[in-house]
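Read through the structure below, which is laid out as structure tokens, and then see the notes.
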Amino acid sequence: MADVVKLPEPTEKVVVNLLRLANTKLPTDVGWALEAAAGWETSDTAAAQLGAIMENVRKADLLARPMCQDTGIPIFWVRGKFDSSIVKDIAVGVEEATKTIPMRPNTVDPLTRQNYGNNLGEGMPIVHFLPTDDDFTEITVLLKGAGSENMTKFAMLNPAEGREGVIKFVTDTVLDAGGRPCPPGIIGIGLGGTADECVAMAKQALLEPLDEENPDPVLRQMEEDLFVKLNSSGLGPMGLGGATTVLGVKIRRAACHTASLPVAVNTGCWATRRASARITATGIKYAQGVRL
Ligand code: SF4
């Protein structure tokens with residue numbers, strides 16, 4: 001379904017298509033990174049783990065079934081032109097997709113733990129809005145399973161800690177998480193902003209295709225340094241040892257208060273599942289990675 005232009009469909013149907021695409025097809029950039037990793041691993045255990053992951057991905061695609069039992073919580077970004085009715089359309093699409101794909105009903109009340117049964121509930125669906133003057137509406141979804149989301153960390157570092165402090169915080173976060181977020185995946189990092197904005201940037205960073213370089217040379221160098229450092233750690237696929245702890249590192253940056261150095265890490269697992277649909281007057285184009 002990726003990169004196919006179709007005639008316009010109701011928005012809720014587009015949302016179902018997006019959720020099906022994200023659940024059943026690993027983005028090609030993530031798949032290529034897994035294949036490259038399989039080529040450089042020398043550990044039999046690591047190679048076996050990567051082989052099992054890739055076989056799982058192939059079967060999910062072939063059978064049109066979710067690639068992981070934890071179909072996650074869908075997080076949406078809407079960019080371009082839209083009106084407020086889009087939230088209801090997205091909710092209808094989530095409920096429909098939960099039944100038809102099917103997706104595991106994951107949302108519960110945080111205190112009673114009662115399951116809503118439809119991946120909705122209070123405050124759901126989570127939708128971020130990015131209004132622009134473009135002549136399109138773009139809906140992007142990221143599926144976030146608990147294994148990786150539970151490893152999210154945020155810190156207000158002392159500004160004096162600087163770049164080295166950031167590198168240490170990210171490295172400690174990834175290594176402390178071990179095999180729990182199902183490595184190798186993508187490490188999304190937010191740098192700067194306020195506390196809430198910093199965490200949001202870390203998650204948004206996971207949407208960026210691995211085969212697109214960060215346009216900011218300073219951040220690009222930090223990403224490369226972290227990629228080498230984390231993959232030299234020996235943690236490896238599923239935390240069982242090897243040379244592939246991460247498939248990529250993506251950093252987003254915003255200005256911050258002179259007395260603050262906020263940093264956030266949001267980890268994507270090997271099943272970093274994302275999809276976008278750009279809707280114009282003439283059709284819909286689906287893709288599986290986007291820099292917002
Ligand atoms: S961390 Fe990812 S691959 Fe592991 S169980 Fe959760 S969704 Fe699935």
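The values are calculated or read from the model by the stated rules, or taken from the named source; none is laboratory data. It should be emphasised that the depicted structure is a prediction, and the values quoted were computed from it without experimental measurement. FYI the Cβ positions are ideal-geometry reconstructions off the backbone, even for glycines, and counts take in every protein chain you see. Accessible surface areas use protein heavy atoms only, side chains included; no ligands, DNA or RNA. Shrake-Rupley method; radii C 1.70, N 1.55, O 1.52, S 1.80 Å.
Run the Debye formula on the Cα coordinates of the stretch 86-220, all scatterers equal and no solvent, and tell me log10 I(q)/I(0) at q = 0.15 1/Å.
Values returned for q = 0.15 Å⁻¹ are -0.99.
Based on a Kirkwood Rh over C-alpha pairs, give the Stokes-Einstein translational diffusion coefficient of the chain at 25 °C and viscosity 0.890 mPa s in µm²/s.
126 µm²/s
For the chain, what proportion of DSSP beta bridges, expressed in % and rounded to the nearest 5, is antiparallel?
So the antiparallel bridges in the chain amount to around 70 percent.
Mind checking the stretch 183-287 for GluC sites (Glu not before Pro) that DSSP puts in a loop (not H, G, I, E or B) and that have at most 15 other Cβ atoms within 10 Å?
Glu212, Glu213
At 1.4 Å probe size, with the rest of the protein present, what percent of the exposed accessible area of the stretch 147-268 is carbon and sulfur atoms?
C and S atoms contribute 55 percent here.
Among Ala275, Ala52, Ala200, which one moves the most in a GNM of the chain with springs linking Cα atoms closer than 10 Å?
Maximum among the listed residues: Ala52.
Suppose only helical runs count, i.e. DSSP H with n ≥ 4. What mean residue ellipticity at 222 nm does that imply for the chain under -39500 (n - 2.57) per run, divided by all residues and rounded to the nearest 500 deg cm²/dmol?
-12000 deg cm²/dmol
Report the semi-axes of the equivalent ellipsoid for the stretch 210-282 in whole Å, largest first, where each axis is √(5λ) for an eigenvalue λ of the Cα gyration tensor.
25, 22, 13
Cβ neighbours within 10 Å, averaged per peptide: list 127-133, 278-284, 25-31 in order, most packed at the top.
25-31, 278-284, 127-133
Once you charge only the Cβ atoms, +1 for Lys and Arg and -1 for Asp and Glu, what is the size of the charge dipole of the stretch 147-268 about its Cα centre, to the nearest 20 debye?
220 debye
For the stretch 48-134, run through the GluC sites (Glu not before Pro) and keep only the ones in DSSP coil with at most 13 other Cβ atoms within 10 Å of their Cβ.
Hits after loop and neighbour filter: Glu122.
Loop only by DSSP, 12 or fewer other Cβ within 10 Å of the Cβ. Give me the chymotrypsin sites (Phe, Trp or Tyr not before Pro) in the stretch 59-105 that pass, ordered by residue number.
Here no chymotrypsin sites (Phe, Trp or Tyr not before Pro) fit, given the DSSP loop and packing criteria.
Quick one: with all protein chains in place, what share of the accessible area of the stretch 66-143 is carbon or sulfur, to the nearest percent (1.4 Å probe)?
53 percent
Kindly work out what percent of the DSSP beta bridges joining two residues of the stretch 147-268 are antiparallel, to the nearest 5.
Within the stretch 147-268, antiparallel bridges account for around 60 percent of the total.
Please give the per residue accessible area of the stretch 65-182, computed with a probe of 1.4 Å over protein heavy atoms only, in Å².
Accessible area per residue, the stretch 65-182: 50 Å².
Show me the ranking of peptides 243-256, 171-184 by mean Cβ neighbours inside 10 Å, starting with the highest.
Descending packing order for the listed peptides: 243-256, 171-184.
Lysines near Lys88 by alpha-carbon distance under 24 Å, same-chain residues fewer than 8 away left out - which ones?
Within the straight-line limit of under 24 Å, Lys88 reaches these lysines: Lys6, Lys13, Lys99, Lys144, Lys203, Lys285.
May I ask for the percentage of alpha-carbon pairs in the stretch 84-156 that lie more than 14 Å from each other?
When all Cα pairs of the stretch 84-156 are counted, 70 percent exceed 14 Å.
What would the Debye equation give as log₁₀ I(q)/I(0) for the stretch 147-268 at q = 0.09, 0.23 Å⁻¹, counting only Cα atoms as equal point scatterers?
-0.21, -1.39
List the cysteines of the chain that have no other Cys Cβ closer than 4.7 Å: which are they?
When partners are defined as cysteine Cβ atoms under 4.7 Å apart, the chain leaves Cys68, Cys198, Cys256 without one.
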